[in-house]
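Contents: one structure, followed by commentary.
The values are calculated or read from the model by the stated rules, or taken from the named source; none is laboratory data. Here the structure is a predicted model, which means the values were calculated and not measured. We place every Cβ from the backbone using ideal geometry, glycine too, and count neighbours over all the protein chains shown. When the accessible area is computed, the model is the full protein with side chains, heavy atoms only, and any ligands, DNA or RNA have been set aside. Shrake-Rupley method; radii C 1.70, N 1.55, O 1.52, S 1.80 Å.
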Amino acid sequence: MNVTYASYLKVDELISLQHCLSDGPEHDELLFITIHQVYELWFQQLLHEGSKLVHLLGENRLNQAQHTLKRMLKILKTMVNQVDILDTMTPLEFLSFRKFLSNSSGFQSYQFRELEYFLGKKDRRFMTQFKEEPEILAKLEKRLQAPSLWREFLGMLLQRGFAIPAEVIEAPIDEPTKESVELQALLLDVYRHHSDLAGLCESLVDLDEGLQEWRYRHVKMVQRTIGSKSGTGGSAGAEYLKTTLFQPLFSDLWTIRSQF
Ligand code: HEM
């Protein structure tokens, strides 16, 4: 069969996937669905690029790893900028279809949790909401049991002969990344004497900051749209989301900044 733009990209299927639930339907519901679906595609792409990054770090191919990280950063920036679109939705416009969302919420985005686990924010508590969905649980368990990006980065340093402290290497793989004073001393040395590796560290800081930026923009969007109301997912809404701000992924890379 002749491959066309529409057949290759499955455009018909794609644009039939936005099912509004409101009566009418309400004008703004399409935007709400579209933007969430676009985010899910970006989450998928970030996880896809993340797998490549891990592979490249394992093979000690620094230039290519940096290239992939750069792409991930551009995607993240795009994701942050896309919040601008949803910011055009007023509280009344959101309210016109909010009840149709029932208890569904971005809180249940399993790809977002996969991304968090990949980036070392391994919190098992988020799995409880998927207890009726074994396929999702299996995906999340796999991410929990896989080394985080930070561990893979340190693995690459180990391969290059850096003495990564045992407390870091032997820490349980399914737990969140913890800071290590010994590791920080080593990272200071990396920054002072290995500019190529320091460049990679800086890109990880960019990634970290990018995700924190997205969280901040998301909280502000939530405050604009629903104020201090609780979320459809059952949390305290913006109050809950504020507790997730300023929580770095690679905290050693932030702590060392006051030690130079
Ligand atoms: C009008 C737009 C939006 C509102 C009012 C909103 C509201 C909320 C609220 C209140 C929560 C806290 C959980 C809850 O109780 O529901 C939440 C969590 C979340 N939302 Fe949104 N959201 C919006 C748009 C988006 C978009 C476009 C995305 C992109 C995928 C998204 C992704 C998430 C994620 C991943 C969480 C979990 C965050 C965490 O636990 O750290 N949200 N949202």
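Can you name every residue in the range 18-43 that is over 18 Å from residue 82 (Cβ atoms) and touching a residue at least 12 places away in the same chain (Cβ under 8 Å)?
Within the range 18-43, 19, 20, 21, 22, 25, 26, 27 meet the criteria.
Can you find a residue in the range 75-88 that is touching a Phe, Trp or Tyr at 6+ places or on another chain (Cβ under 9 Å) and hydroxyl-bearing (Ser, Thr, Tyr)?
Checked against the condition, which is being touching a Phe, Trp or Tyr at 6+ places or on another chain (Cβ under 9 Å) and hydroxyl-bearing (Ser, Thr, Tyr), the range 75-88 yields at least one hit.
Restricting to the range 102-144, name every residue that is away from the ligand (no atom under 11 Å from the Cβ), aliphatic (A, V, I, L, M) and either in contact (Cβ under 8 Å) with a residue 24 or more places away in the chain or outside any helix (DSSP H, G or I) (or both).
119, 136, 140, 144
Looking at 108, 145 in this structure, which one is farther than 25 Å from residue 224 by Cα and either open to solvent by 50 Å² or more (accessible area, probe 1.4 Å) or modelled with pLDDT under 95 (or both)?
145
Does residue 252 count as away from the ligand (no atom under 16 Å from the Cβ), assigned to a helix (DSSP H, G or I), touching a helix residue (DSSP H, G or I) at 6+ places or on another chain (Cβ under 7 Å) and open to solvent by 70 Å² or more (accessible area, probe 1.4 Å)?
No: the conditions fail for residue 252.
Determine which single condition residue 222 fails, assuming it passes every other condition in (1) without any contact (Cβ under 8 Å) to a residue 24 or more places away in the chain; (2) surrounded by fewer than 16 Cβ atoms within 10 Å (Cβ to Cβ); (3) under 21 Å from the mean Cα position of the chain (by Cα); (4) under 24 Å from residue 73 (Cα atoms).
(2)
Could you tell me which numbered condition residue 46 fails, if it satisfies all but one of (1) open to solvent by less than 70 Å² (accessible area, probe 1.4 Å); (2) free of Cβ contacts under 8 Å to residues at least 24 places away in the same chain; (3) closer than 29 Å to residue 197 by Cβ?
(2)
Considering only the range 1-49, state which residues are assigned to a loop (DSSP other than H, G, I, E, B) and touching a Gly at 6+ places or on another chain (Cβ under 9 Å).
none
Which of the numbered conditions does residue 199 fail, given that it passes all the others? Conditions: (1) buried (at least 16 other Cβ atoms within 10 Å of the Cβ); (2) out of contact with any helix residue (DSSP H, G or I) (no Cβ under 6 Å at 6 or more places or on another chain).
Against the list (1) buried (at least 16 other Cβ atoms within 10 Å of the Cβ); (2) out of contact with any helix residue (DSSP H, G or I) (no Cβ under 6 Å at 6 or more places or on another chain), residue 199 comes up short only on (1).
Go through (1) surrounded by fewer than 16 Cβ atoms within 10 Å (Cβ to Cβ); (2) within 16 Å of the ligand (Cβ to nearest atom) one by one and return the number of the condition residue 33 breaks.
(1)
What is the number of the single condition among (1) at pLDDT below 95; (2) surrounded by 14 or more Cβ atoms within 10 Å (Cβ to Cβ) that residue 131 does not meet?
Residue 131 satisfies all of (1) at pLDDT below 95; (2) surrounded by 14 or more Cβ atoms within 10 Å (Cβ to Cβ) except (2).
For the range 225-249, give me each residue that is within 18 Å of the chain's Cα centre (by Cα), surrounded by 13 or more Cβ atoms within 10 Å (Cβ to Cβ) and of a type outside the set (A, V, I, L, M).
240, 242, 244, 247, 248
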